[in-house]
Ligand SMILES: Cc1ncc(COP(=O)(O)O)c(C=O)c1O
């Protein structure tokens with residue numbers, strides 16, 4: 001269809017001109033620390049596989065060569081023992097009554113929020129929430145108010161000023177760790193505000209599971225919160241767990257309601273039992289990875305201190321606010337250069353030195369905050385991080 005082609009081409013050209021065009025680059029192989037593309041090996045700082053579990057083989061015993069598909073949606077015959085066992089394990093690990101496994105974190109957030117929030121409700125969301133949270137709230141058709149990033153004062157002010165419609169309730173929705181900055185929401189204070197205003201608190205801890213808390217239970221646990229503080233918790237399995245999919249955790253009644261009403265859950269083929277077996281095996285490994293968590297924390301502290309020193313010299317910005325909360329240091333670190341053309345050029349320079357780092361531009365981040373998103377992995381060495389810093393230094397020395 002010619003008009004369709006012309007319309008797409010026009011927008012692709014505009015994205016090219018603004019340095020905002022994105023491309024898919026197939027990876028041949030990754031061992032967590034390094035990655036092969038086009039027969040070239042790169043040191044990589046671009047994955048969410050924080051514990052290095054995604055690149056390690058999983059032994060599924062007798063299941064290894066079987067059960068590749070579920071064959072149906074969950075309410076027909078697609079739901080297996082493997083699904084049930086995994087949901088129960090994750091719920092008991094995180095202290096919730098029940099869990100529901102979705103194909104991805106995106107569908108989990110979009111599906112759960114759009115199903116549970118009713119149109120007469122009012123939702124208060126952090127300005128930097130993940131796209132899936134934004135879409136979930138949008139699709140609920142409820143009134144949505146965005147508060148300043150991680151600002152409990154602004155949240156309170158807006159709660160004070162705006163009431164739900166008749167029969168409506170209040171919701172507070174936030175990421176626990178903001179994925180493009182690595183900073184952590186002040187969850188304990190937010191939970192207190194939620195209690196004060198009788199609001200349901202929905203937290204997305206995609207990037208905290210496995211990284212924070214005892215045995216990797218996540219950001220909420222690390223900050224002393226439990227299921228009585230955070231009504232609904234979303235955990236993804238595709239990041240530190242090194243698997244795929246995600247779980248919504250809450251009271252049994254809430255989960256039962258989702259099973260009745262959540263369209264993205266009901267009208268979609270259930271993930272294969274094999275996928276769930278992998279998730280169960282990876283969850284066990286994640287719980288046992290205390291040494292990797294401790295090492296990652298030390299490595300993160302080192303990188304953060306080095307980047308902070310460079311940001312003080314004015315080379316670039318970093319997200320320093322609440323990056324460190326109660327001794328927690330997340331392995332994601334932004335190098336904020338502002339202009340997308342500079343971000344691309346720095347990313348390209350690193351690539352020429354056999355280092356891959358995610359180059360992040362609008363609309364993923366706000367205008368004027370294009371950046372590199374440096375993501376550490378427990379398989380990285382301190383020397384790897386020093387090498388990355390040297391190449392970043394040489395880029396800025398060359399361009400000054
Ligand atoms: C904060 C956050 N929530 C949800 C998601 C979506 O999870 P998934 O990748 O499993 O769809 C992501 C992933 O990018 C994320 O960063």
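Worth pointing out:
- Over the residues of the chain, the helix contribution to mean residue ellipticity at 222 nm works out to -12500 deg cm²/dmol, using -39500 (n - 2.57) for each DSSP H run of at least 4.
- Cα centroid separation - the stretch 316-381 against the stretch 256-301, whole Å: 25 Å
- Within the chain, percent of DSSP bridges classed antiparallel, to nearest 5: 60 percent
- Compactness of the chain is given as radius of gyration and Dmax, 21.4, 63 Å, from Cα positions.
- Long-range tail of P(r) for the stretch 16-174 (Cα pairs > 29 Å, %): 46 percent
- Ranked by the mean number of other Cβ atoms within 10 Å of their residues, highest first, the peptides 92-102, 4-14 fall in the order 92-102, 4-14.
- Top of 46, 54, 142 by mean-square fluctuation, Gaussian network on the chain, Cα under 10 Å: 142
- Highest to lowest packing among 28-40, 229-241, 210-222, 278-290, scored as the average C-beta count within 10 Å: 229-241, 210-222, 278-290, 28-40
- Tail weight of P(r) past 16 Å, computed on alpha-carbon pairs of the stretch 88-202, percent: 61 percent
- Computed over the alpha carbons of the stretch 63-287, Rg followed by Dmax gives 16.9, 58 Å.
- Extension gain, residue 251 back to residue 302 (0.36 nm per residue minus Cα-Cα distance, nm): 14.4 nm
- A Gaussian network model of the chain, with springs between Cα atoms under 10 Å, assigns the largest mean-square fluctuation among 18, 112, 309 to 18.
- DSSP beta bridge pairing in the stretch 63-287, given as percent antiparallel to the nearest 5: 35 percent
Readers should treat all values here as calculations from the given coordinates under stated rules, not as data from a laboratory. This is a predicted model, so every value here is computed, not measured. Methodologically, a virtual Cβ is constructed for each residue, glycine included, from the backbone with ideal geometry; neighbour enumeration extends over all protein chains shown.
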